[in-house]
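Enquirer: Take this structure first; my questions come after.
The values are calculated or read from the model by the stated rules, or taken from the named source; none is laboratory data. Since we're looking at a predicted model, the values are computed, not measured. Quick reminder, even Gly has a Cβ in these numbers, built from the backbone with ideal geometry, and neighbours come from all protein chains shown. These accessible areas exclude ligands, DNA and RNA; they are computed on the full protein's heavy atoms, side chains included. Shrake-Rupley method; radii C 1.70, N 1.55, O 1.52, S 1.80 Å.
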Amino acid sequence: CTRIKIPDTAKASTVTEFYTEDEVAELLRLLSEKLDDPRSCTHATLLFLILFTGMRTGEVMGLKWKNVDFDKKQITIEAERLYTSESGVVDGTTKTESSKRTISVPDFVMDMLAKLKRQQDYVMEVEGSNFTYTDYVAITATGEPQHPRNMYKWFKKFQKANGLKDATVHDLRHTHAAMLSRMGVKIIDISKRLGHSNTRITQEVYEYLFKDMDDDISKGLNDYY
């Protein structure tokens with residue numbers, strides 16, 4: 001908190017960045033091209049995971065294979081892996097108790113995770129004693145857990161190389177919320193999926209989304225009439 005600069009309230013915007021549908025389509029197309037690249041497949045897969053589950057970056061970096069249920073197509077979130085300038089890399093519990101949750105994952109994302117797991121198992125078999133098994137999903141070529149900031153850095157380079165909107169990895173979480181609201185998902189279900197302690201937090205963070213949804217409701221009533 002000591003390093004946070006209070007923004008000029010006259011200039012501050014309450015609107016959170018998120019990708020439009022066209023931008024999401026382009027992002028998915030470009031990320032899909034990286035899924036077969038050994039140097040980028042982990043980052044590409046994890047970005048798909050954030051975009052289609054709404055997981056926090058720390059939750060993804062702290063995710064272990066034991067928490068991925070391929071049969072039920074679910075992920076259990078119970079830890080985070082973060083970096084702070086004061087403490088360095090920190091492996092800890094989730095942000096709040098409500099952040100501990102089990103969420104469903106789309107079939108195609110589970111397929112991507114399964115492919116990533118097979119690739120890691122193959123490397124582990126080839127490398128033998130040179131590979132350190134840690135059970136983390138986000139690992140380096142030697143099996144060690146990736147630095148929590150690696151995905152952020154990779155995403156920034158990826159955006160610049162492809163002329164994409166300059167957004168953070170966390171903005172993909174916001175995009176997920178926008179996708180759910182457009183699908184007509186109830187705010188209480190969005191809140192649970194995002195790991196918020198109550199719907200008030202969801203309402204405040206994504207207030208502009210639900211204002212747009214109310215416009216859709218009005219349009220629907222007009223069509224009904």
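Enquirer: Name the single residue, out of those in segment 43-81 being surrounded by fewer than 21 Cβ atoms within 10 Å (Cβ to Cβ) and aromatic (Phe, Trp, Tyr), that is nearest to the chain's Cα centre (by Cα).
Expert: Phe52
Enquirer: Answer with yes or no whether Arg118 is of a type in the set (D, E, K, R), under 30 Å from Asp36 (Cβ atoms) and part of a strand (DSSP E or B).
Expert: Judged against the criteria, Arg118 is not a match.
Enquirer: Considering only residues that are surrounded by 14 or more Cβ atoms within 10 Å (Cβ to Cβ) and more than 17 Å from the chain's Cα centre (by Cα), which ones fall in segment 157-194?
Expert: Leu164, Val185, Ile187
Enquirer: From the list Thr142, Thr132, Thr93, Thr102, which residue is within 14 Å of Thr42 (Cβ to Cβ) and hydroxyl-bearing (Ser, Thr, Tyr)?
Expert: Thr142
Enquirer: Using beta carbons and a limit of 8 Å, which pairs, at least six apart or on different chains, have the first residue in segment 160-183 and hydroxyl-bearing (Ser, Thr, Tyr) and the second one crowded, with 21+ Cβ neighbours inside 10 Å?
Expert: Here the result reads Thr168/Phe155; Thr175/Phe18; Thr175/Tyr19; Thr175/Leu51; Ser181/Ile190; Ser181/Tyr206; Ser181/Leu209, each pair linking segment 160-183 to a residue that is crowded, with 21+ Cβ neighbours inside 10 Å.
Enquirer: Being exposed (fewer than 15 other Cβ atoms within 10 Å of the Cβ) and over 13 Å from Leu63 (Cα atoms) is the filter here; which residues of segment 94-116 pass it?
Expert: Thr96, Glu97, Ser104, Pro106, Asp107, Phe108, Asp111, Ala114, Lys115
Enquirer: Pull up segment 125-151, narrow it to residues that are part of a helix (DSSP H, G or I), in contact (Cβ under 8 Å) with a residue 12 or more places away in the chain and open to solvent by less than 60 Å² (accessible area, probe 1.4 Å), then point me to the one that is farthest from Thr168 (Cα to Cα).
Expert: Filtering first and then ranking leaves Asn150.
Enquirer: In addition: Out of the residues in segment 155-195 that are in a helix (DSSP H, G or I) and basic (Lys, Arg), which is nearest to Tyr19 (Cα to Cα)?
Expert: Arg173
Enquirer: Failed condition for Trp154, given (1) closer than 20 Å to Arg39 by Cα; (2) in contact with a strand residue (DSSP E or B) (Cβ under 6 Å, 6 or more places away or on another chain); (3) buried (at least 18 other Cβ atoms within 10 Å of the Cβ), with all others met?
Expert: The number of the failed condition is (2).
Enquirer: Residues to consider are Asp91, Asp36; find the one that is surrounded by fewer than 21 Cβ atoms within 10 Å (Cβ to Cβ), within 26 Å of Phe158 (Cα to Cα) and not aliphatic (A, V, I, L, M).
Expert: Asp36
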